[in-house]
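Contents: one structure, followed by commentary.
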Amino acid sequence: MTIDLIRPTDLPAGHRRTVHVDVTIPRPTTVAATFRAAARILAANGLHHGDYFPNALSDKNTPYASRPLSIPAALRCAVEGDPRSYSLLADEALMVLGDRLTVDEEGPAYRDLFGLEDHVDDWADVEGRTTECAVAVLYAAADATAVSL
């Protein structure tokens, strides 16, 4: 074997070793990308009803991106990696989504961030609402947002 053919992962016997490489997942930078990232998180882990995520106080070891999340929590987790963190992009996505959804054929009661966030959470907590419904709504919102820009 010549010097030119030796790579850093080659062992002296000629076989290769596995090299672990940590790659950071890029965070979304647009509202449409935020919807798609949140949809992927929900599709992978499920939709959580009632609160932002299960075992908020007792489970400190499971990463947030590996837990079932509510829609607002998934949007925040997609942008910041933490469903408890606020960001302008996640807030904008929540406001856009809140304007699109109806609960019992009614829109949001209040048009501020917390009213729209509560409205999105109420939509997701309707009896019989599944993860597939939430993912489909997020992808439809992403497509509509991308088209409107």
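Suppose a student asked you for the relative contact order of the range 27-120, using Cα pairs under 8 Å spaced at least 6 residues apart; what percent would you report? Before the final figure, lay out each step's value.
On the way: 139 pairs, mean separation 23.7, N = 94.
Relative contact order for the range 27-120 comes out at 25 percent.
Quick one: Debye curve from the C-alpha atoms of the range 47-89, no solvent, what's log10 I(q)/I(0) at q = 0.15, 0.32 Å⁻¹? So the normalised log intensities work out to -0.31, -1.21. Relative contact order, percent, of the range 68-149 when contacts are C-alpha pairs under 8 Å separated by at least 6 residues? Reported relative contact order: 23 percent. What percentages, rounded to whole numbers, describe P(r) for the range 26-113 computed over all alpha carbon pairs with 10 Å bin width beginning at zero? That works out to 18, 49, 29, 5, in percent per bin.
With protein chains left intact and a 1.4 Å probe, residues in the range 24-149 average 54 Å² of accessible area per residue.
The values are calculated or read from the model by the stated rules, or taken from the named source; none is laboratory data. The structure presented is a predicted model; accordingly, all values stated were derived computationally and were not measured. Side chains are part of the model used for accessible areas, which takes the heavy atoms of the whole protein and leaves out ligands, DNA and RNA. Shrake-Rupley method; radii C 1.70, N 1.55, O 1.52, S 1.80 Å.
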